[in-house]
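To start, the structure itself, in structure tokens.
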């Protein structure tokens, strides 16, 4: 059987998860070049802020400080979703152009056949 959490422990975990999600969406919105994607990511970050506020209102612990300072605190860099950005940010850019060598094959476009079964093919 898994570990059982008290309400306050569960709220603490939920607050941390919402903060991590908010940081992820904000970071992704900051680096994307697609305007529609940026708007969606900002919307998702704001949704996480709403969740964070709700959990924060019910949490009785004090280790997070006040809500505003906690939301503005630096992101948790140990989260797995920050690792690719860290690797990308440490790459040395080159000015070389990609060569179009004949040995390099292009992948065929994905076909429009869905990878899941059609509803009508499932025996009910």
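The values are calculated or read from the model by the stated rules, or taken from the named source; none is laboratory data. All values reported here derive from a predicted model rather than from experimental measurement. Glycine also receives a Cβ, built like all others from the backbone with ideal geometry; neighbour counts cover every protein chain displayed.
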Do we find that residue 37 is buried (at least 18 other Cβ atoms within 10 Å of the Cβ) and free of Cβ contacts under 8 Å to residues at least 40 places away in the same chain in this structure? no
(1) at pLDDT 90 or above; (2) in a helix (DSSP H, G or I): which one isn't true of residue 86, the others all being true? (1)
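Conditions tested, residue by residue: (1) at pLDDT 90 or above; (2) assigned to a loop (DSSP other than H, G, I, E, B); (3) closer than 29 Å to residue 6 by Cβ.
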| site | (1), (2), (3) |
| --- | --- |
| 21 | yes, no, yes |
| 29 | yes, no, no |
| 43 | yes, no, no |
| 46 | yes, no, no |
| 53 | yes, no, yes |
| 63 | no, yes, yes |
| 69 | yes, no, yes |
| 114 | no, yes, no |
| 120 | no, no, no |
Set 77, 53, 60: member being exposed (fewer than 12 other Cβ atoms within 10 Å of the Cβ) and in contact with a helix residue (DSSP H, G or I) (Cβ under 7 Å, 6 or more places away or on another chain): 60
Could you list, in sequence order, all residues of region 6-20 that are buried (at least 19 other Cβ atoms within 10 Å of the Cβ) and farther than 9 Å from residue 55 by Cβ? 19
List the number of the failed condition for residue 23; all other conditions in (1) over 18 Å from residue 65 (Cβ atoms); (2) within 12 Å of the chain's Cα centre (by Cα) hold. (1)
